[in-house]
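The values are calculated or read from the model by the stated rules, or taken from the named source; none is laboratory data. Just so we're clear, the structure is a prediction, and the values are computed from it rather than from any experiment. So basically every Cβ, Gly included, is an ideal-geometry build from the backbone, and we count neighbours across all protein chains shown. Keep in mind that these areas ignore ligands, DNA and RNA; they rest on the heavy atoms of the full protein, side chains included. Shrake-Rupley method; radii C 1.70, N 1.55, O 1.52, S 1.80 Å.
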Amino acid sequence: MADILWKMGAMLSSDHSSVVPINLFVALLCACIVIGHLLEEQRWMSESITALAVGLCTGIVILLTTGGKSSHLLVFSEDLFFIYLLPPIIFNAGFQVKKKQFFRNFMTIMLFGAVGTLISTAIISIGAAHFSKKMNISSLRIGDYLAIGAIFSATDSVCTLQVLNQDETPLLYSLVFGEGVVNDATSVVLFHAIQSIDLSHINSSIAAEFLGNFLYLFISSTILGVLTGLLSAYIIKKLYFGRHSTDREVALMILMAYLSYMLAELFYLSAILTVFFCGIVMSHYTWHNVTESSRITTKHAFATWSFVAEIFIFLYVGMDALDIEKWKVVSDSPGTSVMVSSILLGLVLVGRAAFVFPLSFLSNLTKKFPYEKIDIKQQVTIWWAGLMRSAVSMALAYNQFTRSGHTHLHGNAIMITSTITVVLFSTVVFGLMTKPLVRILLPSQKHTASMLSSEPSSPKSFAVPLLNRQDSEDNQTSHNVPRRTSLRMLLSTPSHTVHHYWRKFDNSFMRPVFGGRGFVPFVPCSPTDHSVHQWQ
């Protein structure tokens with residue numbers, strides 16, 4: 001009995017010891033939110049930089065109190081990042097994105113996100129292999145160099161959300177954000193493909209197989225996300241849970257969104273692409289099939305989870321950057337670590353410029369109207385906005401160069417510390433300079449963006465009553481002559497476009513089956529949008 005009581009006491013004390021760091025971490029999350037609110041007027045200080053700064057300060061305090069043994073409260077876990085933190089961020093991005101702007105620039109986004117990532121990966125890999133041989137870093141293999149290219153080609157999809165506002169700069173936001181999501185998915189797919197290929201016997205058949213697998217992952221991941229979103233829309237439209245309980249339909253939306261991500265992981269697909277397109281489909285169909293209160297709830301629930309996950313990631317990155325175990329191995333050659341970090345940062349700059357400007361030129365050749373083309377100032381903004389690296393790069397670097405977050409190999413340790421340095425420098429320095437740069441390059445962008453804003457009925461904003469949103473916006477902008485002229489200009493474009501045919505197919509087949517704006521059935525207490533019905 002005494003032995004049993006002793007074991008129970010040990011278990012309780014162990015559980016309590018794990019509760020302490022969780023409490024401290026939650027308190028730090030609250031502190032980041034409060035500090036971010038106080039710094040809201042300082043437009044150059046974003047939430048990510050605030051969380052990084054708090055994480056760095058906390059890491060210093062923990063280092064001093066533990067005698068230099070550790071700098072973070074929680075142990076980094078790739079599962080924690082990819083399974084729990086990344087899904088709400090990517091899903092909310094797809095759920096809130098302006099669909100017209102996104103799909104109007106879909107080919108350009110795919111050009112930047114897929115082809116551009118391949119170009120950037122090739123340049124960074126070749127440059128890393130060239131300079132590492134000159135610096136006598138001999139422990140790295142060809143697979144490591146290719147992995148480095150994929151790691152540092154991953155732009156920060158979290159930071160790009162804070163670079164531009166989709167209401168103020170719809171074209172730039174759709175390009176930068178859309179490219180960031182596709183870029184992350186491409187980088188992760190490339191990274192895992194590199195790890196699974198036998199690089200000692202590369203030939204044309206293996207290259208063709210690699211390209212086929214790459215296309216298969218992209219297409220199948222997108223289809224899975226679309227099907228999951230359509231399934232949720234069909235179930236909610238047919239059963240209409242809201243007539244009994246709005247909690248059920250909200251819970252079903254949340255679980256179906258997460259199910260899409262986990263199904264992609266189960267079938268070894270790109271979960272980022274899957275959950276992103278699931279969010280787009282849910283915002284187009286499912287969101288309009290639920291009650292008004294459920295619309296408001298889901299909009300704020302998804303946004304809140306995404307916001308907390310972003311802060312959590314940057315807070316941990318700040319603390320983990322000071323982890324003493326990662327710096328011990330390279331303590332005998334700090335100059336080499338600094339030089340490698342500088343080279344990698346330079347390769348990131350060159351690699352991104354190598355595809356942004358040429359691909360923008362190719363994209364402009366396919367555009368008929370001047371307002372559809374990407375001018376040089378916008379190209380510079382897109383190039384700069386994608387220079388930040390963060391948690392995706394760190395997670396992939398841990399996967400390639402460490403075991404449980406630590407390594408004793410000199411070359412691997414240099415890559416880990418260099419990744420940390422590039423992440424911190426790019427996020428803080430480039431992040432601080434992005435908003436001033438946008439104001440300098442695009443001083444009148446806010447006014448022109450308001451004239452080309454996309455569809456009003458989206459879950460992005462609830463500044464006006466939900467059911468009267470369309471009428472309210474029309475009344476508010478009826479006196480704005482430039483806006484009306486711009487809308488007429490858009491409507492005067494040739495109707496035989498992809499969007500035109502998709503709208504006809506959507507109204508004729510998709511919305512009658514899966515619901516959506518203007519196609520919700522009239523059921524007592526149903527979420528029918530009367531203003532939209534009048535439009536229909």
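For the reader, a short list of remarks on this structure follows.
- Each of the peptides 63-73, 242-252, 205-215 was scored by the mean count of other Cβ atoms within 10 Å over its residues; in descending order, highest first, they stand as 242-252, 63-73, 205-215.
- In order through the stretch 426-440: 3J(HN,Hα) via Karplus (6.51 cos²θ - 1.76 cosθ + 1.60), integer Hz, x for Gly, Pro: 5, 5, 6, 5, 5, x, 5, 8, 5, 5, x, 5, 5, 5, 6
- Given charges at beta-carbon only (K, R positive; D, E negative), |dipole| of the stretch 78-441 in Debye: 920 debye
- Positive dipole terminus of the stretch 78-441, leading residue within G386, I124, A264 (C-beta point charges): G386
- The accessible-area ordering, largest first, of the residues Y234, Y145 stands as Y234, Y145, per a 1.4 angstrom probe.
- Residues D79, D323, D375, ordered by accessible area of protein heavy atoms at a 1.4 angstrom probe radius and largest first, appear as D79, D375, D323.
- Top positive-direction residue, dipole computed over the stretch 281-371 with Cβ charges, set F302, F361, S341: F361
- Heavy atoms of T366 accessible to a 1.4 Å probe, total area in Å² rounded to 10: 100 Å²
- Using heavy atoms of the protein chains and a probe of 1.4 Å, the accessible area assigned to S204 is about 100 Å².
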